[in-house]
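Working notes, beginning with the structure itself.
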Amino acid sequence: MNAYLVSIATFASLNVILALGLNLISGFCGQISLGHAAFYGIGAYGAAMAAVAGVPFPLALLIGTLAAALAGVITGIASLRVREDFLAIVTMGVGFLFLGIVRKAPWFGAEMGISKIPAAPFDKTGLAAFAMFSAVALIALSLHVRRSWMGESFRAVADDEDAARTIGIDVAYYKLVAFLIGTAAAGFAGGLYAYLTQLVVPDAFGFVQSVTILAMVVIGGIGSTWGVVAGAIVLTLMPELFRFINDYKLLVYGALLLAVMRFSPAGMAGLVQRMFARRV
Amino acid sequence: MFALELTVVGLIWGCMYALMALGLTLVYGLLRILHVAHATVFTLGAYAGLLVANHSGSLLLAFAVAMIVAGIVGPLIYRLIYEPILNQPPYVALIASIGLLVAMEDGFRLLFGPYGLSFAANTWFTTIYSLGGITVNLVQVWIVAAAVVLLGAFALFSARTRAGVAWRATVSDRQMAESFGVDVLKVRYLNFFIASVLAAVAGVLVALLNNLVEPGMGGVISYKGLAIIVLGGLGNVPGTLIASLLLGVVESFGTIYLDKVMDRDAIAFLFLIGVLMVRPQGLIGARS
C-alpha cells in the first residue's frame, strides 16, 4: 500500500470512530451535541502533551481518552440540567470554550499548538492498521449496545425522557454513560490523530470539525450504525475522489446537510430502508 | 474611569447583539427553531450594503437595499427550508440551518473572495467623539441609536398594531389564533421579515464598525446570538435584550481580565454555561 492510501485509510478510521461516538450520544440516546470536536481535541492535546513529556504510546493514548471522557462526563452532568435546544447550545458552547482556552493559554502552546510529538512505536502502516482495528472494534461495540438492554434504555430516553423515567429507567445514568462512551471514543481518535500528524493546533478542533462529524452522522443516518459508518467513509473519500470538491468542501458538506435534512431526515440509511420497504 | 469605559464599550456591543438576537428570539418564539442561518442573512445584508455604498456612495441607499434584500431572503428561507420540515424533531431544522450557514459561508467566499471587502469611504468610522475621556466613533453611536429606535418600534408594533396583536396571539397559541381568523402563514412571513431586516441593519453596522465585510463575519455573532437567546430564556423578548447587554459588558470586562486564559468567544460561552447551571431556564423565564 502506498503512503497516500495508508493516510486515507487512517483518516477514514478516525472519522468512523468519531462519528460512531457522536451517534451513540445523539443517535442512540437522543442528546444532540454540537461540540464533539472539542472531545477529539481534548484527546489529541492530552495524548500530545503526555507524549511530549515522555509518556509511552499506550499510556499517552489512555491519558487522552480518559481526559476526553472526563470532560464528556462533566458535559453529561450539564446535560442533566438542560434539555434539547438548550443542550445543543451548551455543547456548542463547550466547543467554543475548549477552543478559546487552547488558543490563548500558554501551557497549551496557544496558536502554535503542540509540536514535536514523538512518533508512535510502529510505522504509518502499523498506525493505520491499529486505527482500522479500533474502528472495527467500535462498530462491534455499537452494534452490541444497540441490541442490549442499555440500547433499549437509550432509545427510551431518546424517545421520551419523562416516559422513560416513569417506567423506572435511570435517565441520568444512561445519559452519562452515553456521554462517557461517546466522548472516550472521540478522545481515543484524538490521541491517534496526535501520533499521526505529530502536531496539534487549535484550528483542527473547531466548530467546523464538529459540524463535519455531525454531517457524517446525519448524512449516514442518525441512529443507524452502518449508516453512520458509511457516512463517515463517504465524506472522507469524497474530497479525495473528486479533487475539485476539496476547494468547496464546506459548500458541499453544508449543502448535503441541508438537502438530507430537507428531503430525507433519516439519511442514507433511511433511503436504503425505504427502498427495501417498497419492494416488500 | 476605566471600568466606565469598559461598560460603555460593552453596552455598545450589547446593542449590536440585541439587534441580532431579537430576530433569533422571534423565530424561536414562533416556531421553536434555532435559526442559525440568521447569520447568512446578516452577512448577506452586509455584502449588499457594502456593494451599494461603494457604487452609489450613499449609506442611506446601502441600508435600504440591504434591508430589502434581507427582507426577501429571510421569508424565502422559511418557505423553502423550514416550512416542509416543521413536523420533524427539532434537531432536523437546526442541522438544516447549520448546513445552510456553512454552505453559504463558502458561497460568499467563492463569490466575493476570501479576504473580505472594505468601504471606499467610511466617514462614520473616522468621525470620533470624545466625551468625558471615553472615545467612540459615529458607527458606535449609530449602533446604539439603531438598537433603541428599532427595538422601540418593535415594542410599539407588537403592543399597538393589529398585526402585532396577531403576532403575539400566534406565539402564545397558534390554534386559538387561527380559529380567531389570524392568517398564521402571514404571521410567519412577517416574523421572518422583521427578523431579517433587523439582521441586515446589524450586518451593515458591523461592516462599518470593522470597515470590513468577510464571508465568516456572521458565524460567531450567530452562535453568540444563540447563547444570548438561551440566556434570556428561549423565546423571551425582554430577557433577550437584558441578556444581550449583559453579555456585551461581561465580554468587555472579560477580554481585559481573562485575556491570558481564553478568548472573547470562550468568555461568552463560559458565562452562558455558568448561568444555565444555576438557572436552566435562562435568566428570565418560567420554570417549565
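The values are calculated or read from the model by the stated rules, or taken from the named source; none is laboratory data. For clarity, every value in this text was computed on a predicted model and none was experimentally measured. Counting neighbours? That spans all protein chains shown, and the Cβs are built from the backbone with ideal geometry, glycine included.
State which residue is surrounded by the most Cβ atoms within 10 Å (Cβ to Cβ) when the search covers only segment A:27-59 and only residues that are touching a strand residue (DSSP E or B) at 6+ places or on another chain (Cβ under 8 Å) and among the hydrophobic types (A, V, I, L, M, F, W, C).
Among those residues, the one meeting the criterion is A:A44.
Say whether the condition of being closer than 25 Å to B:A227 by Cβ, touching a Leu at 6+ places or on another chain (Cβ under 6 Å) and within 14 Å of chain B (Cβ to nearest Cβ) is met by at least one residue in segment A:33-44.
yes
Kindly state which helices (runs of 4 or more DSSP H) lie completely within segment A:186-280 and contain at least 2 residues that are modelled with pLDDT of 80 or more and crowded, with 23+ Cβ neighbours inside 10 Å.
Those helices (runs of 4 or more DSSP H) span A:207-220, A:225-241, A:249-263.
If a residue has to be surrounded by 18 or more Cβ atoms within 10 Å (Cβ to Cβ) and modelled with pLDDT of 75 or more to count, how many in segment B:265-288 make the cut?
11
Mind checking whether some residue in segment A:158-176 is within 14 Å of chain B (Cβ to nearest Cβ), surrounded by 19 or more Cβ atoms within 10 Å (Cβ to Cβ), touching a residue at least 24 places away in the same chain (Cβ under 8 Å) and among the aliphatic types (A, V, I, L, M)?
Looking for residues that are within 14 Å of chain B (Cβ to nearest Cβ), surrounded by 19 or more Cβ atoms within 10 Å (Cβ to Cβ), touching a residue at least 24 places away in the same chain (Cβ under 8 Å) and among the aliphatic types (A, V, I, L, M), one finds at least one in segment A:158-176, hence yes.
From B:L34, B:L50, which residue is in a helix (DSSP H, G or I), in contact with a helix residue (DSSP H, G or I) (Cβ under 6 Å, 6 or more places away or on another chain) and of a type outside the set (D, E, K, R)?
Answer to the selection: B:L50.
Which residues, counting only those in segment A:109-123, are crowded, with 20+ Cβ neighbours inside 10 Å and not in a loop (DSSP other than H, G, I, E, B)?
Of everything in segment A:109-123, just one residue is crowded, with 20+ Cβ neighbours inside 10 Å and not in a loop (DSSP other than H, G, I, E, B), namely A:I114.
How many of the residues making up segment B:188-218 are within 14 Å of chain A (Cβ to nearest Cβ) and under 11 Å from the mean Cα position of the chain (by Cα)?
1
To keep it simple, each residue is scored yes or no on (1) in contact with a Pro (Cβ under 6 Å, 6 or more places away or on another chain); (2) touching a residue at least 24 places away in the same chain (Cβ under 8 Å); (3) within 14 Å of chain B (Cβ to nearest Cβ).
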{"site": "A:F205", "(1), (2), (3)": "no, yes, yes"}
{"site": "A:V208", "(1), (2), (3)": "no, yes, yes"}
{"site": "A:A230", "(1), (2), (3)": "no, yes, no"}
{"site": "A:R262", "(1), (2), (3)": "no, no, yes"}
{"site": "A:A266", "(1), (2), (3)": "no, yes, yes"}
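Being more than 7 Å from every other protein chain (Cβ to nearest Cβ), at pLDDT 85 or above and surrounded by fewer than 21 Cβ atoms within 10 Å (Cβ to Cβ) is the filter here; which residues of segment B:84-109 pass it?
The one that is more than 7 Å from every other protein chain (Cβ to nearest Cβ), at pLDDT 85 or above and surrounded by fewer than 21 Cβ atoms within 10 Å (Cβ to Cβ): B:R109.
For segment A:5-16, does any single residue satisfy the condition of being within 25 Å of A:L257 (Cβ to Cβ), within 13 Å of chain B (Cβ to nearest Cβ), assigned to a helix (DSSP H, G or I) and touching a helix residue (DSSP H, G or I) at 6+ places or on another chain (Cβ under 8 Å)?
Among the residues of segment A:5-16, not one is within 25 Å of A:L257 (Cβ to Cβ), within 13 Å of chain B (Cβ to nearest Cβ), assigned to a helix (DSSP H, G or I) and touching a helix residue (DSSP H, G or I) at 6+ places or on another chain (Cβ under 8 Å), which makes the answer no.
On the basis of being more than 9 Å from every other protein chain (Cβ to nearest Cβ), buried (at least 22 other Cβ atoms within 10 Å of the Cβ) and more than 15 Å from the chain's Cα centre (by Cα), does B:G254 make the cut?
Yes; evaluated as a whole, the condition is true for this residue.
Report yes if B:M262 is within 13 Å of another protein chain (Cβ to nearest Cβ) and either outside any helix (DSSP H, G or I) or within 14 Å of the chain's Cα centre (by Cα) (or both), otherwise no.
yes
Within the set of pairs 6+ apart or on separate chains, which have a first residue in segment B:100-119 that is basic (K, R), a second that is buried (at least 17 other Cβ atoms within 10 Å of the Cβ), and C-beta atoms under 8 Å apart?
B:R109/B:P215
Give segment B:200-251 a look and list any residue that's within 19 Å of B:G274 (Cα to Cα), of a type in the set (V, I, T) and surrounded by fewer than 24 Cβ atoms within 10 Å (Cβ to Cβ), or say none.
B:I242, B:V249, B:V250
Pick out the one residue from A:G126, A:G100, A:G64, A:G76 that is in a helix (DSSP H, G or I), free of Cβ contacts under 8 Å to residues at least 12 places away in the same chain and touching a helix residue (DSSP H, G or I) at 6+ places or on another chain (Cβ under 6 Å).
After applying the criteria, what remains is A:G100.
Whether any residue in segment B:50-65 is over 30 Å from B:L138 (Cβ atoms) and either among the hydroxyl-bearing types (S, T, Y) or surrounded by fewer than 22 Cβ atoms within 10 Å (Cβ to Cβ) (or both) is what I want to check.
No, because not a single residue in segment B:50-65 is over 30 Å from B:L138 (Cβ atoms) and either among the hydroxyl-bearing types (S, T, Y) or surrounded by fewer than 22 Cβ atoms within 10 Å (Cβ to Cβ) (or both).
Test of understanding: among A:V94, A:V82, A:V55, which residue is within 14 Å of chain B (Cβ to nearest Cβ), of a type outside the set (S, T, Y) and free of Cβ contacts under 8 Å to residues at least 40 places away in the same chain?
Exactly one residue qualifies, and that residue is A:V82.
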